[in-house]
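K.L.:
The structure under discussion is supplied below as structure tokens; questions concerning it will follow.
Only the coordinates and a few stated rules stand behind these numbers; no lab work does. As the structure is a prediction and not an experimental result, all values here were calculated from the model. Heads up, the Cβs are rebuilt from the backbone with ideal geometry, glycines too, and the neighbour counts pull from every protein chain shown.
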Amino acid sequence: MNLSTVTRKFKTEEECLEHLEKTRWPEGVRCPTCGCDRVCKGTRKPSAKNHRTRFYQCLEPTCKAQFSATNGTIFHRSHIPLSTWFMAITLIMDAKKGMSALQLQGHLGLGSYKTAWYMCHRIRKAMVDSDPAPLDGTVEIDETFLGGTAQRRFSRAKQPKAPKDIVMGIRERSTPSRPGRVRYFHIPDGKQSTIQPLLDLHVAGDVTAIYTDAATKYDFSINEDHRGKHAAVNHSIEWIVPGTRIHTNTVESAFSLLKRGLIGSFHRVSVKHLHRYLTEFEYRFNARKAEDRFTMALSAMLHKPHMPFKALTASE
């Protein structure tokens, strides 16, 4: 669904709650605490403390919990209307290069930048894939650098080099039956001890081929079962091995989109929250061919725990 469809279909809080209930409990409402399906429905007038107009009471004698469709989700204890939340999800999912909190604040008429910033990070938190399937087929691996300060090319004064952050990308090539996926990782260094565990976890055992650049660390980071499938391209002399399909241009195109988004839409990204932005770009890229990205994202967000503001702003 696009923004026009979402705003037309979910105009009221009741319509949004109805959709959340059907998406969260397709086989009928269940208590999120004990899982009991014996519940009764109640209604109330919206108030400053709780403006959800409908709630449920668990009839299990040992539980008796009260809950609504938003309990335990990213919408938990949010005073923002669900229709506004739905528009925010649509805008973020459809923005190919991302949408800043300031843009979201202007589009949705939110009261403060802080509110928009918190909404964006709650949505990013819900985009985390807790159990990702390993990448298979033909897989490309590369690294890129983010951040730092541009050096003045013709300046005589010596400037200290600003530190940059390393992001490793693993991308599988697309096939006629399935679009290729990508994984991003913010890593502290490019050592074998850092890279090898990530490759062992996220590259499938039956992978067809693994392509990297000519860095020698990959010779030691790729496990023994995959070394016969590994080929490298020397970027100091060529971008693709002549007469073959050995290159890393596919993962580098994903890096290009990531960098354009970070520079063009967000301008500055805190290192503390960099992994959340990587999650957003990874999730949106992997869902680029989905027929209904809004429903896909909403379903994921109903099964992710609430993130309090204190947890977001706490020191690492």
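K.L.:
Under 5 Å between amide H atoms, partner at least 5 residues away or on a different chain: which partners does ALA209 have, H built in plane at 1.01 Å?
P.N.:
THR138, VAL139
K.L.:
Show log10 I(q)/I(0) for segment 92-244 at q = 0.20 Å⁻¹, two decimals, from a solvent-free Debye sum over equal Cα scatterers.
P.N.:
Result of the Debye calculation: -1.26.
K.L.:
Taking only the C-alpha atoms, wrap a convex hull around segment 83-133 and report its volume per residue in Å³ as a whole number.
P.N.:
80 Å³
K.L.:
Could you compute the longest span of the chain free of chymotrypsin sites (Phe, Trp or Tyr not before Pro) located in DSSP loops and having at most 13 other Cβ atoms within 10 Å, not counting the site residues?
P.N.:
With a cap of 13 other Cβ atoms within 10 Å, the longest stretch comes to 1-153.
K.L.:
From the mean inverse distance of alpha carbon pairs (Kirkwood) and the Cα radius of gyration, derive Rg over Rh for the chain. Working shown, then result.
P.N.:
Working: Rg = 23.0 Å, Rh = 22.2 Å.
Rg divided by Rh gives 1.04.
K.L.:
Determine, from the Cβ-Cβ distance of GLU291 and PHE145 and an R0 of 30 Å, the FRET efficiency 1/(1 + (r/R0)^6), rounded to the nearest 0.05.
P.N.:
Approximately 0.25, to the nearest 0.05.
K.L.:
Residue by residue, what Karplus-based ³J(HN,Hα) values in Hz, rounded to whole numbers, does segment 125-137 have, using 6.51, -1.76 and 1.60 with θ = phi - 60° and x for Gly and Pro?
P.N.:
Taking θ as phi minus 60°, the curve returns 4, 6, 7, 5, 8, 6, 9, x, 6, x, 7, 10, x Hz for segment 125-137.
K.L.:
Here's a follow-up. In the Gaussian network model of the chain, springs joining C-alpha atoms below 10 Å, which of VAL251, VAL182, VAL271 carries the largest mean-square fluctuation?
P.N.:
Comparing VAL251, VAL182, VAL271 in the GNM, the peak value goes to VAL271.
K.L.:
Which net charge results for the neighbourhood of ALA69, defined as the other residues with beta-carbon distances under 13 angstrom from its beta-carbon, given Lys and Arg at +1 and Asp and Glu at -1?
P.N.:
Here the charged neighbours net out to +1.
K.L.:
Using label points projected 7 Å from each Cα along Cα→Cβ, tell me how many nm separate GLU18 and TRP239, to one decimal.
P.N.:
Here the answer is 5.3 nm between the modelled labels.
K.L.:
If neighbour count is taken as other Cβ atoms inside 10 Å, put CYS63, CYS120 in order from fewest to most.
P.N.:
Listed from fewest to most nearby Cβ atoms, that is CYS63, CYS120.
K.L.:
For the residue pair ARG8 and LYS229, what label-to-label distance in nm results when each label sits 7 Å from Cα along the Cα-to-beta-carbon direction?
P.N.:
4.6 nm
K.L.:
Right, another one. For the chain, set up a GNM with springs between Cα atoms under 10 Å and report which of ARG178, ARG54, ARG284 has the largest fluctuation.
P.N.:
Highest fluctuation of the listed residues: ARG178.
K.L.:
Sum up the lysine pairs in segment 138-269 that clear both bars: alpha-carbon distance under 17 Å and a spacing of 8 or more or different chains.
P.N.:
Total qualifying Lys-Lys pairs in segment 138-269 comes to 4.
K.L.:
Another question, if that's okay. Say each of HIS303 and ASP94 gets a label point 7 Å from the Cα, pointing the same way as Cα to Cβ; how far apart are those two points in nm?
P.N.:
Distance between label points: 2.6 nm.
K.L.:
Short version: ³J(HN,Hα) in whole Hz for each residue of segment 80-92, in order, from phi by Karplus 6.51 cos²θ - 1.76 cosθ + 1.60 (θ = phi - 60°), x for Gly and Pro, what are they?
P.N.:
Per-residue couplings from phi come out as 7, x, 4, 4, 5, 4, 4, 5, 4, 4, 5, 4, 5 Hz.
K.L.:
When the helix-only estimate is applied to the chain (DSSP H runs of n ≥ 4, each -39,500 (n - 2.57), divided by the residue count), what is the mean residue ellipticity at 222 nm, nearest 500 deg cm²/dmol? Don't skip to the answer; put the middle values down first.
P.N.:
Working: 11 runs with 110 residues, N = 316.
The helix-only estimate for the chain comes to -10000 deg cm²/dmol at 222 nm.
K.L.:
Here is a further query. Could you give the length gained on full extension between SER130 and ASP219, defined as 0.36 nm per residue of separation minus the Cα-Cα distance, in nm?
P.N.:
Working: separation 89, 0.36 × 89 = 32.04 nm, distance 2.88 nm.
Taking SER130 through ASP219 to full extension adds about 29.2 nm, to one decimal.
K.L.:
Please tell me which of these pairs span more than 31 angstrom C-alpha to C-alpha: LYS41/LYS114; LYS45/LYS310; LYS45/LYS97?
P.N.:
LYS41/LYS114; LYS45/LYS97
K.L.:
Please build a GNM for the chain, connecting alpha carbons under 10 Å apart, and tell me which residue among ARG288, ARG44, ARG276 fluctuates the most.
P.N.:
Of ARG288, ARG44, ARG276, the most mobile in the Gaussian network model is ARG44.
K.L.:
Find out how many positive minus negative residues lie around LYS96, taking Lys and Arg as positive, Asp and Glu as negative, among other residues whose Cβ is under 11 Å from that of LYS96. All intermediate terms of the calculation are to be shown ahead of the outcome.
P.N.:
Working: positive: LYS97, ARG260, ARG284, ARG288; negative: ASP94.
Residues close to LYS96 contribute a combined charge of +3.
K.L.:
May I ask you to evaluate 6.51 cos²θ - 1.76 cosθ + 1.60, the Karplus curve with θ = phi - 60°, for each residue of segment 62-70 and list the ³J(HN,Hα) values in order in whole Hz, giving x for glycine and proline?
P.N.:
Karplus-based 3J(HN,Hα) across segment 62-70 equals 8, 10, 6, 7, 9, 7, 9, 5, 9 Hz.
K.L.:
Another one. Can you tell me what the convex hull of the Cα atoms of segment 28-143 projects to on average, as an area in nm²?
P.N.:
For segment 28-143, the mean projected area of the Cα convex hull comes to 11.3 nm².
K.L.:
ARG245: net charge of surrounding residues, Cβ under 11 Å, Lys/Arg +1, Asp/Glu -1, itself excluded? Intermediate results must be reported in sequence, preceding the final value.
P.N.:
Values: positive: ARG173; negative: GLU140.
Net local charge, ARG245 excluded: 0.
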